[in-house]
Amino acid sequence: MNRIVPHISIVMLNVNGQNAPLKRYRMAEWIRIHQPSVCCLQETQHIRKGWKKIFHANGHQKQGGIAIHISDKTNFKATAVKKDKEGNYIMIKGLVQQENITVLNIHTPNTGASTFTKQLLLDLRNEIDGNTVILGDFNTPLTALDRLSRQKLNKEKMDLNYTLEQMDLKDIYRTFYPTTTEYIISTWYILQDRPYDRPQNESQ
């Protein structure tokens, strides 16, 4: 008998400016409609109600941090949490129906984005395996299709792409939409030997 792999949906939302009531309402409605299993938030200072399992990291300054929220409907048991003091990343390891999973949420600083992301991935390489999903705001377009016309592929971006290849990390969005010409700043990665679902290409 084939083993049934549990299904979970993971989304990432940049919620900068959610002090505005309308934006908070729209975000809550989007989450209510789509009902993700895991919701990774960028640039947030608010803890959302209705989520019992919340993992948050933010720096010392009065700026939004990042968070990973696990739906109450998801049978998730956290086994480890790792984050930095600046609020640039948070990683949780856990079990979903006895299946191991690691979720890494990254918010890269605007300055030196490619170098920061490369070094972070290298520092965490022993934590990354075939059950890892990496998502977030890299502030770094990695392909010609993702870049604005005035942007160039410099050495730092080339080094980051090389690191991703060496770690066998795969851009899920570009796997399913290899020719979509739009500017993508949020890139999802997963190790190539791990099965995954087709992401939704929804209009904004």
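Values in this text are rule-based calculations from the coordinates and carry no lab data. All of these numbers come straight from a predicted model, not from anything done at the bench. Positions of Cβ are generated from backbone atoms using ideal geometry, with glycine treated the same way; all protein chains shown enter the neighbour counts.
Extension gain E99-E156, at 0.36 nm per residue separation less the Cα-Cα distance, in nm? Could the numbers behind the result be given before it?
Numbers: separation 57, 0.36 × 57 = 20.52 nm, distance 3.57 nm.
Taking 0.36 nm per residue and subtracting the Cα distance, the gain is 17.0 nm.
What pairs from K53/K77; K23/K52; K52/K93; K118/K157; K53/K93; K83/K157 go past 18 Å between their alpha carbons? List each step's numbers first, then the result.
Working: K53/K77 9 Å; K23/K52 22 Å; K52/K93 16 Å; K118/K157 9 Å; K53/K93 13 Å; K83/K157 24 Å.
K23/K52; K83/K157, as the Cα separations exceed 18 Å there.
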Q) For the range 60-120, what does the alpha-carbon gyration tensor say about shape, rounded, prolate or oblate, given a ≥ b ≥ c as the root eigenvalues, a/c under 1.5 as rounded, and a/b over b/c as prolate? A) prolate
Q: Using R₀ = 25 Å, calculate the FRET efficiency as 1/(1 + (r/R₀)^6) where r is the Cβ-Cβ separation of N75 and D129; round to 0.05.
A: 0.75
Q. Distance from the Cα centre of the range 12-41 to that of the range 100-179, in angstrom?
A. 24 Å
